[in-house]
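The structure appears right after this line, and notes come after that.
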Amino acid sequence: MDALSNLKRGLSADKLQASSDAQPTVQDLNRLLLLQRNLLEKITLNLPLKELLDSLCLEIEGIVGECCASIMLLDKKNGDLNLLSAPSIPKKNFLLLNHLTPGPKARSCGTAVYSDQPVFVINTHTDSRWENAQHIHELMETGACWSYPLHDAANNAMGSIAITSALPRNPSTFHARILESAAYMAGIAITRHFSRVALKDSEQRFAHIVSSIPGVVLQTEFDAMNKPYFSYVSDSVQSLCGVTSVEALTSFKRVWERLHPDDRDMVNGFLSRKPEYGSLWTTECRFFDAQGHIKWIHLASTPEWDKHNKLKRINSIMLDISSEKAAYAQLELAGIAFASTNEGIMVADANNHIVDVNRAYCEMTGYTRDELIGQSPSLFNSGRHELKFIKNIYAIILEQGFWQGELWNRRNDGAIYPQWLNISAVYNTQGNLTHYVNVAADVSNIKESEAKLRHMSQHDALTDLPNRQLFKILLDHVIEHKQNDQRPAVLMIDLDRFKHVNETMGHQAGDKLLIQVAKRLRNVIPDNNLLARVGGDEFAIMIKDCQNQGEAERIAMRLVNALEAAVDLDGHDFFTTASIGITLYPENGFDSETLIKNADTAVHQAKDDGRNNYAFYQPEQTQIIEQWVRLEPELRRALALDQFRVFYQPQIDAMTGQISGVEALVRWEHPENGLMSPGLFLPIIEEIGLMTQVGNWVLEQACAQASQWKDAGYPPFRIAVNLAGQQILSHGFVSVVKELLEKYEIEPDQLELEILENIVMKHADAAKPVLNELRTLGVRLALDDFGTGYSSLCYLKMLPVQKVKIDQSLVRDIPNDPDDEAIARAIIALSHSLNLSVCAEGVETEEQKAFLRGENCDQLQGYLISRPIPAAALSQWLDEHYDLIGKH
């Protein structure tokens, strides 16, 4: 045992007792009072608890001398004591002293808390309460430990304060008083701290509760002059009437002035009410917000009266019901529209039983409202549609939420009529189907008028033959639907010296001549071919299948012979002949426009050869064959030699100017001729069967580039890729798209595939399932070159597309061509009515842009925005147009 331990054990009990009998001096008492005053002052200053207690411990140590003061707090959850303050004890020793469980032999502090009595251990080495503290003795010099319990507001022991000395030591009366006083003040400080924490938590909970209330919480009280003032206002008052809660608490008038003048008397009336009016006041009133807009408010107030029935306080909640008011007004308007609209409206429940119809629907069907309520819409079945067709309609409604199209229905009198029908499914907030809403229009007169107008617009008024427009459309139709071995031919016929008849005999005679010529031509050509009048004295014939040049030559010869005979015009014989130009598909052209143009050229050759004969189109044939022969083998190697390039042309939002997408366009970088236009090589690629490979390569390049732009930090925009028929019909195309989306981590909605309607028209049964799968996958579909096809309107409502693109041929002459303006305007309106977005191609002038924006066209694409450029150049374009894409 060391010398210090011998000294501790050598102290006699008499000496220890003598030290305890010493009475406190005046100086001691003053120091105690100063300690109390300093601590109370720090408590009132709301200093942090640990700073306050550390200060207390240090002052105790300064007064008592040669000791360490510490404070331990009882953990009510675990039931053990842990150091809260011990500024003079090394941090490394805290673990020795922590986790002390109160008990009769739990050292000085644990025994004091357990017994709720002061404990003065004079010698820790001999006291039984310290017999299990050998580990403390080994690391710390502990000879004496005096402990006093701390009490909370309910006078329950919540911890202890202790004075520890290195040598055995007996406390004096003054030391005991210091410990008692310090315990009292420490208890006050700790209790006050936890009360403040609890109060703060309570205030936060109250604030959270108030903030979660969908409205403004107010508490109004009255001063000695019975004038109202706010004692509480939640922060949401600012969004309601533009006054902050601080301003409202400062001035009741600031809020009162926001109340509509016409509603102030009503609110004032509440202030004069007596208890018999009830404990809840509710009303609706109007407030002005910060912008001066009126908001409708539901005011609910709970008044409080004193014992003299004098109003002393009002607790209120103000709820903004402006949207509900607007919704109610819309319902009223909807009811008016339902009753007065000229379109028939029928509402059916989820079981498809009619629950209501409007007046127009009754007039259209011939039934009364009472006759229809509770009936099924099958009551109107005309018998023209198979059950499968009707079931498919409702399958589409359940899948997409709506269906629109044309149906034949039956009236009450049995008459069958065409009806344009829009059916929408209505779901409640839980997502359950509740109703079907049918909006129907009788289109009998419209269809009759459309048929007449269509016939008039597509036929010659004099001969009733198809005109040039219809001839071109039907020729395109034959080309697009031809069989593999089918070869259409075009014969353009120009009457020789026809103007002589008009000049000598008048236009009436000329008209008669044209009628006679039309009859003769019809008698010559086979019935399954097409005869049209395409100009003043010009006719056109389409031979649907002309297997060789000799067959076309024989028909042309019969036509020439038929027109050589005299024509009787009012008793006078008149002779006219014809010059005929002939083109064959595909040698003289791949489309109607080329075939007709080249046939017209051949007519001039026939006239140059002396008229009254025919001529085949020749000059272009050699050039086309040579070009085909030269380019085909090079194209077959182009993909393997990495000669294809993908250029990108931006598409911008017409209204905001922000970029909304880019279209990927393939280019061929010929080793000798440089970049070649797609029109020169794409038809060849498609004809030799390489379109699927090239198209899929373009698709992957576009996806990879989209991923790079995303990684570079550019905001998301769609990337559009054109699809060829061979791609859509190729096996596993949907899987190819899905794999590319996954490989390059692209959202399906970011990819937009553009299709031509003639692809679907040619292969409807095979193409539509693929398009539906792509749409289910989430990929967007766009209808390209809209407005140039024959069946655009028909296929627009059948295809699962989300966007149409106006062909640049309809944009090019805007604003100079009123017809093109009218067509573009109609396409935009029709597309929007079908919930489709519209992108205009070929925008090159500010005038075109202004017109399209004025018609609410959604997107613009063309040279005015940017030419098709490589990916690197487009990245630079994006960087230069940060204000367009919002990258900053």
The chain: relative contact order in percent, alpha carbon pairs under 8 Å with at least 6 residues between: 5 percent
Dipole moment magnitude, nearest 20 debye, the range 341-448 about Cα centre, only Lys, Arg, Asp, Glu C-beta charged: 220 debye
Under 5 Å, built H, 5+ apart or other chain: amide partners of Ala840: Ile806, Gln859, Leu860, Gln861
Between helix 444-458 and the chain: long-axis angle, C-alpha atoms, 0 to 90°, nearest 10: 50 degrees
Degrees separating the helix 468-480 axis from the principal Cα axis of the chain, which is the longest one: 70 degrees
Two-decimal log10 I(q)/I(0) for the chain, as the Debye equation yields it once each C-alpha is a single scatterer, q = 0.05, 0.08, 0.09 Å⁻¹: -0.61, -0.98, -1.09
Amide H within-cut-off set for Asn409, under 5 Å, with H built and near neighbours excluded: Tyr417, Gln419
Under 16 Å from Lys50, Cα to Cα: lysines that are on another chain or at least 8 residues apart: Lys42, Lys91
Distance in nm between pseudo-label sites at Asp464 and Leu639 (7 Å out along the Cβ direction from Cα): 5.3 nm
Nearest-0.05 FRET efficiency for Gln375 and Asn445, computed from C-beta distance (R0 22 Å): 0.25
Using θ = phi - 60° and Karplus 6.51 cos²θ - 1.76 cosθ + 1.60, couplings along the range 512-522 (whole Hz; Gly, Pro as x): 4, 4, 4, 5, 5, 5, 4, 5, 5, 5, 4
Backbone HN-Hα couplings from phi across the range 106-113 [Karplus 6.51/-1.76/1.60, Hz, Gly and Pro as x]: 9, 6, 6, 5, x, 6, 4, 5
Amide proton proximity set for Gly661, modelled H, under 5 Å, gap of 5+: Gln651, Arg718
Degrees between helix 592-608 axis and first principal axis of the chain (Cα, 0 to 90, nearest 10): 30 degrees
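May I ask you to derive the FRET efficiency for Thr429 and Thr302 from their Cβ-Cβ distance with R0 = 25 Å, giving the value to the nearest 0.05?
0.25
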Estimated vicinal HN-Hα couplings, Hz - the range 261-273 in sequence order (Karplus 6.51, -1.76, 1.60; Gly, Pro = x): x, 6, 9, 5, 4, 5, 5, 4, x, 5, 5, 9, 6
Contour minus Cα-Cα distance for Thr126 and Glu551 (0.36 nm per residue): 139.6 nm
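Given the pairs Lys253/Lys274; Lys743/Lys803; Lys472/Lys597; Lys512/Lys597; Lys768/Lys797; Lys738/Lys805, which span a C-alpha to C-alpha distance of over 18 angstrom in this model? Intermediate results must be reported in sequence, preceding the final value.
On the way: Lys253/Lys274 24 Å; Lys743/Lys803 26 Å; Lys472/Lys597 11 Å; Lys512/Lys597 28 Å; Lys768/Lys797 13 Å; Lys738/Lys805 24 Å.
Listed pairs above 18 Å: Lys253/Lys274; Lys743/Lys803; Lys512/Lys597; Lys738/Lys805.
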Unit charges on C-beta of K, R, D, E only; dipole of the chain, Debye: 3800 debye
Set of aspartates and glutamates with alpha-carbon distance to Lys499 below 14 Å, sequence-local pairs under 8 removed: Asp511, Asp537, Glu538
Dipole of the chain [Lys/Arg +1, Asp/Glu -1 at C-beta], most positive-end residue of Leu864, Ala518, Leu398: Leu398
Kirkwood hydrodynamic radius over Cα pairs of the range 796-880, then Stokes diffusion coefficient at 10 °C and 1.306 mPa s, in µm²/s: 116 µm²/s
Estimated 222 nm signal from helices in the chain, with DSSP H stretches of n ≥ 4 weighted -39500 (n - 2.57), rounded to 500: -14000 deg cm²/dmol
Computed log₁₀ I(q)/I(0) - Debye formula, equal Cα scatterers, no solvent, the range 213-325, q 0.11, 0.23 Å⁻¹: -0.33, -1.48
Relative contact order %, the range 463-617, counting alpha carbon pairs below 8 Å whose residues are six or more apart: 30 percent
Cα shape, the range 463-617, gyration tensor, a/c 1.5 rule: prolate
Inter-site label distance for Gln618 and Glu386 at 7 Å from Cα along Cβ, in nm: 5.4 nm
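Give, in nm to one decimal, the length gained when the segment between Ser340 and Asp570 is fully stretched (0.36 nm per residue of separation minus the Cα-Cα distance).
Once the chain is fully extended between Ser340 and Asp570, it gains 76.8 nm.
No value in this document is a laboratory result; all are computed from the given coordinates. Note that the structure is predicted; figures quoted are calculated from it, not measured. Note that we place each Cβ from the backbone using ideal geometry, even for glycine, and neighbour counts take in every protein chain shown.
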